Amino acid sequence: MRALLLFFSLLVASGAAAQNPPGPPPPPDSTSAWRYYPLHLGDVWQYRVQVDQGEVPPYVYTLRRRVEADTLVAGRTYAVVQEWAREVPAGAPPPPEARRYLARFDTLSSRVATREIGAAEETLSACALSESFPRASGEQREVTCADGGLSVISGGYAESVAIGAETYTLTAKTISRSSTIDRSETYAAGVGLVRSAFEEAGARTLELVTARIQGRFYGDAPEADFPGIPDTTDAARYYPLAVGDLWQYRLCDGPKGLCVRDEVTLTEVIGTESVGDTTYAVVRDKVYERTGLGEGDYLSTGQSQRLVRFDRRTATVRVRNEADESTDSCPLDADLEGQIQGGPCDGVSVTMFEEQVKAFTIGEMSQSYQLGVGLIGYFSGFSFSEELVYSRVGGVERGTPVPVVDVAGEAQPLATTLALTAFPNPTAGPLAINVTGARGPVLVEAFDAIGRRVLSREIAPEARMEIDASGWAPGVYVLRATSGERSATARVVRR
């Protein structure tokens, strides 16, 4: 036993000498310490977590962290971080519950400060991320952290760092400490925490698999449901509805490059109306069809009115029907650079373009909104595009209006046009079709991307038809309602 104790004492002494060899102290780390712990809006880290508790077989699950927003607490700016587990194997002990917490990098101490939501105080990490590297690669140096505990620092300016199946050369720093709890954490500048090992009555390791930092991806390709970048804009600004706002759209319907159907719609908010406790904007749509090739050859053919509101709770556009409402948009507060998960818009990709244009895309169909302007267009690679050519929103004019002519000398108001809506859109199967403005029987048809008719059914005026589209192949479909000489179309995506 005495020989064994002597062996361990010599081993510890030699280890300490290797960690702090004689000579001048190493130069300070020239890296800005906050880069080891980035907290930009929309940053995401996805970790592979392995847990070995001894009593049950080791198991693996996925942990995600995302910076959702910024907030001010007690005069300090924090990032709001959401953390949640997924892909937990059946039979494994439940992982930590999903939570949101506050985090910031304290530049004075170069330590990470975290704070539970609603907590009176914050907690600072024990060791500073500004600690100097050892003088040479492969060496270690021992430091005393703020809590008085000893830690070992290793790393350097050109370390090989594995993230998923990819390897990068990055500035990286590992902080290890051993006491009643053994733990080790590796941080890479510009990326954040890339590996963590924790041992106390069992072992738990985190390994970074995929990360998106300031829009740049590291590691494995992101999965389809990888979180997007939070859109902190007031979503109502994507769909203004003030009295006097107006938009002029041009519809080109036909094979690419050919407008078989060419018409202009003038949409204007002409007032408000209350139904119960809900206030709607009264929106008038006047339709003009092209009758020739000259300027001013768009002649009025009809008009319709609808009651519309923006629902802040769901961030969607709602249209009033006879006795209820239908949804006329995807959630306009959806995350950017990601896909919507769940609900009627499941699988729809959301992208932000220049001039604050937010596009919702599935397959070859897209719908775009511009901040402070509203809906600016639909597009389908199949046969149609409808784009905004002129708007006047909040008194600000954009674009150039297309000259149109209202038919003069009519004894009666313009005939009410047919209106055709379908929900949910996109759909996985169930589809409710509403037709308004008809004065006689209505023929409802649906056509696929190559013009084949997949639905033909006659319904009564003002009727609601519910169908099951689950037998349709995924893609874009055109619905057409015909009543007498009038018709209306709508686009539906079967996902």
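Structure values in brief
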| quantity | calculated |
| --- | --- |
| Residue satisfying condition, being among the acidic types (Asp, Glu) and surrounded by fewer than 17 Cβ atoms within 10 Å (Cβ to Cβ), within set 131, 116, 122 | 116 |
| Wholly within region 262-370, strands (runs of 3 or more DSSP E) carrying at least 3 residues that are in contact with a strand residue (DSSP E or B) (Cβ under 7 Å, 6 or more places away or on another chain) and surrounded by 19 or more Cβ atoms within 10 Å (Cβ to Cβ) | 278-290, 298-311, 316-320, 357-362, 365-370 |
| Tabulated pairs, region 421-439, first within 15 Å of residue 341 (Cα to Cα), second part of a loop (DSSP other than H, G, I, E, B) and polar (S, T, N, Q), C-beta under 8 angstrom, 6+ apart or interchain | 428/470 |
| Pair list, Cβ < 8 Å and 6+ apart or interchain, from region 457-471 residues that are closer than 16 Å to residue 322 by Cα to residues that are surrounded by 13 or more Cβ atoms within 10 Å (Cβ to Cβ) and of a type in the set (D, E, K, R) | 461/439 |
| Test: residue in region 293-315 that is within 20 Å of residue 247 (Cβ to Cβ) and in contact with a Cys (Cβ under 7 Å, 6 or more places away or on another chain) | no |
| Qualifying residues in region 251-265 (those that are out of contact with any Ser or Thr (no Cβ under 9 Å at 6 or more places or on another chain) and at pLDDT 75 or above) - the one nearest to residue 303 (Cα to Cα) | 265 |
| Tabulated pairs, region 311-340, first on the phi > 0 side of the Ramachandran plot and assigned by the TED database to the domain that holds residue 352, second at pLDDT 90 or above and small (Gly, Ala, Ser), C-beta under 7 angstrom, 6+ apart or interchain | 315/235; 337/228 |
| Residue count for region 87-106, restricted to those that are exposed (fewer than 13 other Cβ atoms within 10 Å of the Cβ) and of a type outside the set (A, V, I, L, M, F, W, C) | 8 |
| Region 84-96 residues that are over 15 Å from residue 45 (Cβ atoms), paired with ones that are hydrophobic (A, V, I, L, M, F, W, C) and assigned to a loop (DSSP other than H, G, I, E, B) (beta carbon under 6 Å, 6 or more apart) | 95/88 |
| Filter pass, residue 97 being at pLDDT below 95, acidic (Asp, Glu) and under 33 Å from the mean Cα position of the chain (by Cα) | yes |
| Options 223, 166, 199; residue that is closer than 16 Å to residue 63 by Cβ, of a type in the set (D, E, K, R) and surrounded by fewer than 17 Cβ atoms within 10 Å (Cβ to Cβ) | 223 |
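The values are calculated or read from the model by the stated rules, or taken from the named source; none is laboratory data. Worth saying up front: this structure is predicted, and the values here are computed from it rather than measured. Using ideal geometry, Cβ is built from the backbone for each residue, glycine included, and neighbour counts are taken over all protein chains shown.
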